[in-house]
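The values are calculated or read from the model by the stated rules, or taken from the named source; none is laboratory data. Everything numeric in this text was worked out from a predicted model, so none of it was measured. A quick note on method: Cβ atoms are made from the backbone with ideal geometry, for glycine too, and the neighbour counts reach across all protein chains shown.
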Amino acid sequence: MELSDKELLEQFRNEQTLNYAFNLLVRKYQKRLYWHIRKILLNHDDTDDVLQNVFIKVWRNLYKFKEESQLYTWLYRIATNESITFLNQKKKRAGVPLDDVSAFLASNIESDSYYKGEEIQAKLQKAILTLPDKQRIVFNMKYFDHMKYEEMSLILETSVGALKASYHHAVKKIEIQLTKH
Amino acid sequence: MNKSINISDQDDDLTELAPQLSKLRTNSLFHQTEKSHIASDDYFDSLTIKIQNRIDDFEDINAEAPVLSTFSAYNAFKVPADYFDEFPTRIQQRIIDNKSSSTFLEWILLLIKPRFAVPVLTVVFFAAAGINFMTKNAELPKAEYADEISVEEQLSTIDESTLIESLTAESTEDETKSPAEEQSIENYLLDNNIDESSLTKM
(Lines give C-alpha, C1' and ligand atoms only; values in the text may rest on other atoms or scores of the structure.)
Protein backbone atom coordinates (compact mmCIF):
# COMPACT_ATOMS: atom_id res chain seq x y z
CA MET A 1 0.00 0.00 0.00
CA GLU A 2 1.50 3.35 -1.00
CA LEU A 3 1.26 6.09 1.57
CA SER A 4 1.15 9.78 0.74
CA ASP A 5 4.26 11.83 1.44
CA LYS A 6 2.57 13.42 4.43
CA GLU A 7 1.72 10.03 5.92
CA LEU A 8 5.25 8.80 5.28
CA LEU A 9 6.73 11.76 7.10
CA GLU A 10 4.39 11.33 10.06
CA GLN A 11 5.34 7.69 10.37
CA PHE A 12 9.02 8.53 10.01
CA ARG A 13 8.83 10.93 12.94
CA ASN A 14 7.48 8.15 15.15
CA GLU A 15 10.33 6.03 16.51
CA GLN A 16 8.28 2.88 16.41
CA THR A 17 7.42 3.19 12.73
CA LEU A 18 10.60 4.93 11.62
CA ASN A 19 12.19 1.99 9.79
CA TYR A 20 8.92 0.89 8.25
CA ALA A 21 8.25 4.38 6.91
CA PHE A 22 11.74 4.67 5.47
CA ASN A 23 11.38 1.31 3.76
CA LEU A 24 8.16 2.47 2.15
CA LEU A 25 9.78 5.72 1.08
CA VAL A 26 12.61 3.82 -0.62
CA ARG A 27 10.14 1.58 -2.44
CA LYS A 28 8.07 4.55 -3.51
CA TYR A 29 10.87 6.62 -4.99
CA GLN A 30 13.68 4.21 -5.89
CA LYS A 31 12.70 3.77 -9.54
CA ARG A 32 12.12 7.39 -10.30
CA LEU A 33 15.39 8.43 -8.67
CA TYR A 34 17.26 5.53 -10.24
CA TRP A 35 16.31 6.53 -13.78
CA HIS A 36 16.96 10.20 -13.09
CA ILE A 37 20.49 9.34 -11.92
CA ARG A 38 21.01 6.78 -14.65
CA LYS A 39 20.38 9.31 -17.38
CA ILE A 40 23.07 11.50 -15.85
CA LEU A 41 25.68 8.85 -15.17
CA LEU A 42 24.65 6.33 -17.86
CA ASN A 43 26.42 3.45 -16.13
CA HIS A 44 24.38 1.07 -13.90
CA ASP A 45 27.09 0.44 -11.31
CA ASP A 46 27.74 4.14 -10.82
CA THR A 47 24.01 4.73 -10.59
CA ASP A 48 23.69 2.06 -7.92
CA ASP A 49 26.44 3.71 -5.85
CA VAL A 50 24.90 7.15 -6.09
CA LEU A 51 21.38 5.91 -5.41
CA GLN A 52 22.59 4.29 -2.20
CA ASN A 53 24.37 7.50 -1.20
CA VAL A 54 21.18 9.46 -1.87
CA PHE A 55 19.06 7.29 0.38
CA ILE A 56 21.68 7.25 3.13
CA LYS A 57 21.65 11.04 2.98
CA VAL A 58 17.85 11.00 3.09
CA TRP A 59 17.91 8.73 6.14
CA ARG A 60 20.26 11.08 7.97
CA ASN A 61 18.47 14.30 7.06
CA LEU A 62 14.78 13.47 6.71
CA TYR A 63 14.12 14.56 10.29
CA LYS A 64 15.29 18.05 9.25
CA PHE A 65 12.97 18.22 6.22
CA LYS A 66 10.66 21.14 6.87
CA GLU A 67 8.02 20.44 4.19
CA GLU A 68 8.58 23.83 2.61
CA SER A 69 8.77 21.96 -0.68
CA GLN A 70 7.38 18.68 -1.89
CA LEU A 71 9.18 15.59 -0.70
CA TYR A 72 9.95 14.37 -4.21
CA THR A 73 11.41 17.79 -5.08
CA TRP A 74 13.78 17.48 -2.15
CA LEU A 75 14.69 13.92 -3.12
CA TYR A 76 15.31 14.85 -6.74
CA ARG A 77 17.51 17.73 -5.64
CA ILE A 78 19.66 15.46 -3.52
CA ALA A 79 19.88 12.94 -6.35
CA THR A 80 20.89 15.61 -8.87
CA ASN A 81 23.57 17.09 -6.61
CA GLU A 82 24.98 13.71 -5.69
CA SER A 83 25.12 12.72 -9.36
CA ILE A 84 26.96 15.86 -10.39
CA THR A 85 29.40 15.49 -7.49
CA PHE A 86 30.02 11.86 -8.37
CA LEU A 87 30.55 12.73 -12.04
CA ASN A 88 33.05 15.46 -11.20
CA GLN A 89 34.97 13.19 -8.83
CA LYS A 90 35.10 10.47 -11.46
CA LYS A 91 36.34 12.88 -14.08
CA LYS A 92 39.02 14.18 -11.70
CA ARG A 93 40.24 10.67 -10.96
CA ALA A 94 40.34 9.92 -14.68
CA GLY A 95 42.20 13.15 -15.34
CA VAL A 96 39.47 14.45 -17.61
CA PRO A 97 38.83 18.22 -17.75
CA LEU A 98 35.55 18.98 -16.03
CA ASP A 99 34.06 20.60 -19.12
CA ASP A 100 35.07 17.80 -21.45
CA VAL A 101 32.19 15.44 -21.08
CA SER A 102 31.23 13.70 -24.27
CA ALA A 103 34.07 11.30 -24.93
CA PHE A 104 34.39 10.40 -21.26
CA LEU A 105 30.70 9.62 -20.81
CA ALA A 106 30.33 7.95 -24.21
CA SER A 107 32.78 5.36 -22.95
CA ASN A 108 30.38 4.81 -20.05
CA ILE A 109 27.64 3.78 -22.49
CA GLU A 110 29.82 1.40 -24.40
CA SER A 111 31.25 -0.23 -21.29
CA ASP A 112 27.91 -0.69 -19.59
CA SER A 113 26.61 -4.24 -19.94
CA TYR A 114 23.16 -2.97 -19.06
CA TYR A 115 22.72 -0.92 -22.22
CA LYS A 116 20.34 -2.51 -24.71
CA GLY A 117 19.78 0.31 -27.17
CA GLU A 118 20.12 0.03 -30.90
CA GLU A 119 22.48 2.15 -32.92
CA ILE A 120 19.95 4.88 -33.40
CA GLN A 121 19.44 5.21 -29.65
CA ALA A 122 23.19 5.27 -29.08
CA LYS A 123 23.36 8.09 -31.63
CA LEU A 124 20.81 10.10 -29.63
CA GLN A 125 22.62 9.41 -26.35
CA LYS A 126 25.93 10.54 -27.80
CA ALA A 127 24.30 13.68 -29.10
CA ILE A 128 22.90 14.37 -25.63
CA LEU A 129 26.35 13.87 -24.21
CA THR A 130 27.67 16.86 -26.15
CA LEU A 131 25.67 19.06 -23.76
CA PRO A 132 27.17 20.45 -20.54
CA ASP A 133 26.12 18.50 -17.44
CA LYS A 134 23.42 20.82 -16.17
CA GLN A 135 21.93 21.40 -19.59
CA ARG A 136 21.89 17.65 -20.13
CA ILE A 137 19.95 17.23 -16.90
CA VAL A 138 17.43 19.87 -18.00
CA PHE A 139 17.02 18.13 -21.35
CA ASN A 140 16.56 14.70 -19.75
CA MET A 141 13.98 15.97 -17.28
CA LYS A 142 11.97 17.64 -19.99
CA TYR A 143 12.40 15.29 -22.93
CA PHE A 144 12.32 11.91 -21.21
CA ASP A 145 10.48 12.63 -17.95
CA HIS A 146 8.11 15.31 -19.32
CA MET A 147 8.48 17.37 -16.17
CA LYS A 148 6.89 20.77 -15.92
CA TYR A 149 9.24 23.72 -15.88
CA GLU A 150 7.83 24.78 -12.50
CA GLU A 151 8.79 21.40 -10.98
CA MET A 152 12.23 21.54 -12.55
CA SER A 153 12.69 25.06 -11.22
CA LEU A 154 12.20 23.83 -7.64
CA ILE A 155 14.51 20.87 -8.10
CA LEU A 156 17.32 22.65 -9.89
CA GLU A 157 16.82 25.98 -8.11
CA THR A 158 16.83 27.79 -11.44
CA SER A 159 14.21 30.14 -12.83
CA VAL A 160 11.60 28.87 -15.28
CA GLY A 161 12.81 31.34 -17.90
CA ALA A 162 16.39 30.10 -17.64
CA LEU A 163 15.22 26.50 -17.89
CA LYS A 164 13.15 27.19 -20.99
CA ALA A 165 16.10 28.89 -22.63
CA SER A 166 18.43 26.07 -21.63
CA TYR A 167 16.07 23.44 -23.03
CA HIS A 168 15.57 25.36 -26.24
CA HIS A 169 19.34 25.56 -26.79
CA ALA A 170 19.78 21.92 -25.87
CA VAL A 171 17.21 20.84 -28.44
CA LYS A 172 18.91 22.91 -31.13
CA LYS A 173 22.35 21.49 -30.34
CA ILE A 174 21.09 17.91 -30.42
CA GLU A 175 19.28 18.52 -33.67
CA ILE A 176 22.52 19.74 -35.21
CA GLN A 177 24.38 16.66 -33.94
CA LEU A 178 21.73 14.30 -35.30
CA THR A 179 21.63 16.05 -38.66
CA LYS A 180 25.40 16.11 -38.93
CA HIS A 181 25.97 12.33 -38.67
CA MET B 1 -38.19 -13.39 -34.22
CA ASN B 2 -37.36 -9.96 -32.91
CA LYS B 3 -37.15 -9.50 -29.25
CA SER B 4 -37.12 -6.05 -27.80
CA ILE B 5 -34.35 -5.75 -25.33
CA ASN B 6 -35.29 -3.97 -22.19
CA ILE B 7 -32.05 -2.87 -20.59
CA SER B 8 -33.58 -2.36 -17.17
CA ASP B 9 -34.60 -5.97 -17.10
CA GLN B 10 -31.14 -7.27 -17.79
CA ASP B 11 -30.06 -7.31 -14.16
CA ASP B 12 -33.06 -9.34 -13.14
CA ASP B 13 -32.34 -11.76 -15.97
CA LEU B 14 -28.79 -12.29 -14.76
CA THR B 15 -29.94 -12.98 -11.24
CA GLU B 16 -32.34 -15.58 -12.50
CA LEU B 17 -30.09 -17.07 -15.17
CA ALA B 18 -26.77 -17.01 -13.32
CA PRO B 19 -27.12 -16.20 -9.65
CA GLN B 20 -23.47 -16.99 -8.87
CA LEU B 21 -22.27 -14.74 -11.66
CA SER B 22 -24.56 -12.03 -10.46
CA LYS B 23 -22.99 -12.24 -6.99
CA LEU B 24 -19.45 -12.00 -8.43
CA ARG B 25 -20.26 -8.73 -10.15
CA THR B 26 -20.50 -6.92 -6.84
CA ASN B 27 -17.06 -8.20 -5.90
CA SER B 28 -15.43 -7.05 -9.12
CA LEU B 29 -12.03 -5.48 -8.79
CA PHE B 30 -13.21 -2.55 -10.79
CA HIS B 31 -16.43 -2.03 -8.86
CA GLN B 32 -16.02 0.98 -6.67
CA THR B 33 -16.69 0.28 -3.04
CA GLU B 34 -15.17 1.70 0.07
CA LYS B 35 -12.89 -1.29 0.48
CA SER B 36 -11.63 -1.78 -3.05
CA HIS B 37 -8.87 0.31 -4.56
CA ILE B 38 -10.18 3.38 -6.32
CA ALA B 39 -8.41 6.00 -8.31
CA SER B 40 -7.84 9.21 -6.38
CA ASP B 41 -10.32 11.96 -7.03
CA ASP B 42 -7.92 14.15 -8.99
CA TYR B 43 -6.43 11.31 -11.05
CA PHE B 44 -8.50 11.93 -14.14
CA ASP B 45 -8.09 15.68 -13.83
CA SER B 46 -4.32 15.38 -13.60
CA LEU B 47 -4.29 12.80 -16.39
CA THR B 48 -5.86 15.30 -18.76
CA ILE B 49 -3.25 17.87 -17.84
CA LYS B 50 -0.43 15.34 -18.26
CA ILE B 51 -1.61 14.33 -21.70
CA GLN B 52 -1.91 17.96 -22.73
CA ASN B 53 1.62 18.64 -21.50
CA ARG B 54 2.94 15.71 -23.51
CA ILE B 55 1.20 16.96 -26.63
CA ASP B 56 2.60 20.46 -26.10
CA ASP B 57 6.11 19.07 -25.60
CA PHE B 58 5.86 17.00 -28.76
CA GLU B 59 4.65 19.94 -30.81
CA ASP B 60 7.48 22.12 -29.49
CA ILE B 61 10.08 19.52 -30.44
CA ASN B 62 8.47 18.93 -33.80
CA ALA B 63 8.64 22.63 -34.60
CA GLU B 64 12.22 23.18 -33.40
CA ALA B 65 13.88 19.84 -34.08
CA PRO B 66 12.07 17.69 -36.65
CA VAL B 67 14.83 15.06 -36.72
CA LEU B 68 14.81 14.73 -32.95
CA SER B 69 11.03 14.42 -32.95
CA THR B 70 11.34 11.22 -34.99
CA PHE B 71 13.23 9.61 -32.12
CA SER B 72 11.02 8.03 -29.52
CA ALA B 73 11.83 8.75 -25.89
CA TYR B 74 12.74 5.13 -25.61
CA ASN B 75 14.60 3.92 -22.55
CA ALA B 76 17.61 2.13 -23.91
CA PHE B 77 19.00 1.25 -20.52
CA LYS B 78 18.22 -1.90 -18.62
CA VAL B 79 18.45 -2.93 -15.00
CA PRO B 80 19.60 -6.23 -13.47
CA ALA B 81 16.80 -8.62 -12.62
CA ASP B 82 15.29 -8.14 -9.13
CA TYR B 83 17.33 -4.99 -8.60
CA PHE B 84 14.44 -2.93 -7.28
CA ASP B 85 13.16 -5.82 -5.15
CA GLU B 86 16.48 -6.19 -3.41
CA PHE B 87 17.52 -2.56 -3.18
CA PRO B 88 15.46 -1.58 -0.07
CA THR B 89 16.96 -4.48 1.88
CA ARG B 90 20.48 -3.50 0.84
CA ILE B 91 19.91 0.05 1.96
CA GLN B 92 18.55 -1.04 5.34
CA GLN B 93 21.61 -3.23 5.85
CA ARG B 94 23.92 -0.38 4.96
CA ILE B 95 22.19 1.89 7.45
CA ILE B 96 22.64 -0.72 10.19
CA ASP B 97 26.33 -1.12 9.28
CA ASN B 98 26.83 2.65 9.25
CA LYS B 99 25.22 3.02 12.68
CA SER B 100 27.71 0.77 14.46
CA SER B 101 30.81 2.28 12.86
CA SER B 102 29.65 5.88 13.14
CA THR B 103 29.11 5.72 16.91
CA PHE B 104 32.80 5.04 17.53
CA LEU B 105 33.92 7.55 14.93
CA GLU B 106 31.60 10.22 16.31
CA TRP B 107 33.13 9.70 19.77
CA ILE B 108 36.65 10.18 18.42
CA LEU B 109 35.66 13.26 16.39
CA LEU B 110 33.96 14.72 19.44
CA LEU B 111 37.12 14.41 21.51
CA ILE B 112 39.30 16.23 19.02
CA LYS B 113 36.97 19.22 18.78
CA PRO B 114 38.59 22.23 20.52
CA ARG B 115 35.73 22.82 22.94
CA PHE B 116 36.14 19.30 24.24
CA ALA B 117 39.84 18.79 23.61
CA VAL B 118 40.93 21.71 25.84
CA PRO B 119 39.12 20.65 29.03
CA VAL B 120 40.00 17.02 28.45
CA LEU B 121 43.67 17.86 28.00
CA THR B 122 43.57 20.14 31.06
CA VAL B 123 42.16 17.37 33.21
CA VAL B 124 44.74 14.94 31.88
CA PHE B 125 47.55 17.44 32.58
CA PHE B 126 46.49 18.09 36.16
CA ALA B 127 45.94 14.43 36.78
CA ALA B 128 49.46 13.69 35.57
CA ALA B 129 50.89 16.52 37.67
CA GLY B 130 49.00 15.32 40.70
CA ILE B 131 50.23 11.77 40.29
CA ASN B 132 53.78 13.04 39.84
CA PHE B 133 53.52 15.20 42.96
CA MET B 134 52.11 12.41 45.07
CA THR B 135 54.81 10.08 43.87
CA LYS B 136 57.53 12.52 44.97
CA ASN B 137 55.91 13.15 48.37
CA ALA B 138 55.68 9.46 49.00
CA GLU B 139 59.50 9.31 48.72
CA LEU B 140 60.31 12.29 51.05
CA PRO B 141 59.05 10.95 54.40
CA LYS B 142 61.34 7.98 54.02
CA ALA B 143 64.33 10.25 53.58
CA GLU B 144 63.31 12.51 56.49
CA TYR B 145 62.59 9.51 58.63
CA ALA B 146 66.00 8.21 57.85
CA ASP B 147 67.49 11.57 58.87
CA GLU B 148 65.53 11.56 62.11
CA ILE B 149 66.76 8.16 63.01
CA SER B 150 70.31 9.20 62.43
CA VAL B 151 69.81 12.38 64.52
CA GLU B 152 68.25 10.42 67.32
CA GLU B 153 71.03 7.93 67.13
CA GLN B 154 73.53 10.76 67.38
CA LEU B 155 71.77 12.38 70.30
CA SER B 156 71.66 9.11 72.18
CA THR B 157 75.43 9.07 72.18
CA ILE B 158 75.75 12.60 73.73
CA ASP B 159 75.77 13.09 77.48
CA GLU B 160 72.72 14.81 79.01
CA SER B 161 74.69 17.42 80.96
CA THR B 162 76.37 18.56 77.76
CA LEU B 163 73.00 18.99 76.13
CA ILE B 164 71.64 21.11 79.01
CA GLU B 165 74.68 23.38 78.96
CA SER B 166 74.29 23.83 75.25
CA LEU B 167 70.60 24.68 75.48
CA THR B 168 71.05 27.19 78.32
CA ALA B 169 73.91 28.89 76.48
CA GLU B 170 71.67 29.35 73.46
CA SER B 171 68.87 30.86 75.52
CA THR B 172 71.31 33.35 77.12
CA GLU B 173 72.48 34.40 73.74
CA ASP B 174 68.92 34.92 72.65
CA GLU B 175 68.29 37.24 75.56
CA THR B 176 71.18 39.48 74.67
CA LYS B 177 70.09 42.08 72.24
CA SER B 178 72.22 43.53 69.56
CA PRO B 179 73.19 47.22 69.76
CA ALA B 180 71.02 47.98 66.73
CA GLU B 181 68.00 46.51 68.40
CA GLU B 182 68.57 48.50 71.59
CA GLN B 183 68.84 51.75 69.63
CA SER B 184 65.60 51.11 67.80
CA ILE B 185 63.81 50.40 71.06
CA GLU B 186 65.10 53.64 72.58
CA ASN B 187 64.03 55.58 69.52
CA TYR B 188 60.56 54.08 69.74
CA LEU B 189 60.27 55.01 73.42
CA LEU B 190 61.44 58.59 72.75
CA ASP B 191 59.19 59.08 69.73
CA ASN B 192 56.14 57.93 71.62
CA ASN B 193 57.03 59.74 74.84
CA ILE B 194 57.02 56.49 76.85
CA ASP B 195 58.70 56.47 80.22
CA GLU B 196 60.93 53.45 80.75
CA SER B 197 60.04 53.31 84.38
CA SER B 198 56.39 52.80 83.49
CA LEU B 199 57.38 49.69 81.56
CA THR B 200 59.16 48.11 84.55
CA LYS B 201 56.10 48.68 86.77
CA MET B 202 54.01 46.63 84.22
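Within the range B:21-66, being basic (Lys, Arg), modelled with pLDDT under 70 and assigned to a helix (DSSP H, G or I) holds for B:23, B:25. Taking first residues from the range A:49-68 that are within 11 Å of another protein chain (Cβ to nearest Cβ) and surrounded by 18 or more Cβ atoms within 10 Å (Cβ to Cβ) and partners that are of a type in the set (S, T, N, Q) and assigned to a helix (DSSP H, G or I), the Cβ contacts under 8 Å between residues at least 6 apart in sequence or on separate chains come to A:51/A:30; A:55/A:30. Take residue B:146 and tell me if it is more than 28 Å from the chain's Cα centre (by Cα), assigned to a helix (DSSP H, G or I), over 30 Å from residue A:34 (Cβ atoms) and modelled with pLDDT under 85. For residue B:146, the condition - more than 28 Å from the chain's Cα centre (by Cα), assigned to a helix (DSSP H, G or I), over 30 Å from residue A:34 (Cβ atoms) and modelled with pLDDT under 85 - is met.
Just give me the residues in the range A:149-159 being exposed (fewer than 15 other Cβ atoms within 10 Å of the Cβ) and within 14 Å of another protein chain (Cβ to nearest Cβ), in sequence order. Quick ask: steps written out before the conclusion?
Taking the range A:149-159 as the starting set, the residues that turn out to be exposed (fewer than 15 other Cβ atoms within 10 Å of the Cβ) are A:150, A:157, A:159.
A:150, the sole residue that qualifies.
The set of residues in the range A:18-39 being β-branched (Val, Ile, Thr) and within 7 Å of chain B (Cβ to nearest Cβ) consists of A:26 alone.
Give the number of residues within the range A:74-86 that are in contact with a Leu (Cβ under 7 Å, 6 or more places away or on another chain) and exposed (fewer than 15 other Cβ atoms within 10 Å of the Cβ). Selection size over the range A:74-86: 0.
Taking the condition among the aliphatic types (A, V, I, L, M), modelled with pLDDT under 95, assigned to a loop (DSSP other than H, G, I, E, B) and crowded, with 20+ Cβ neighbours inside 10 Å, does residue A:98 pass? Judged against the criteria, residue A:98 is not a match.
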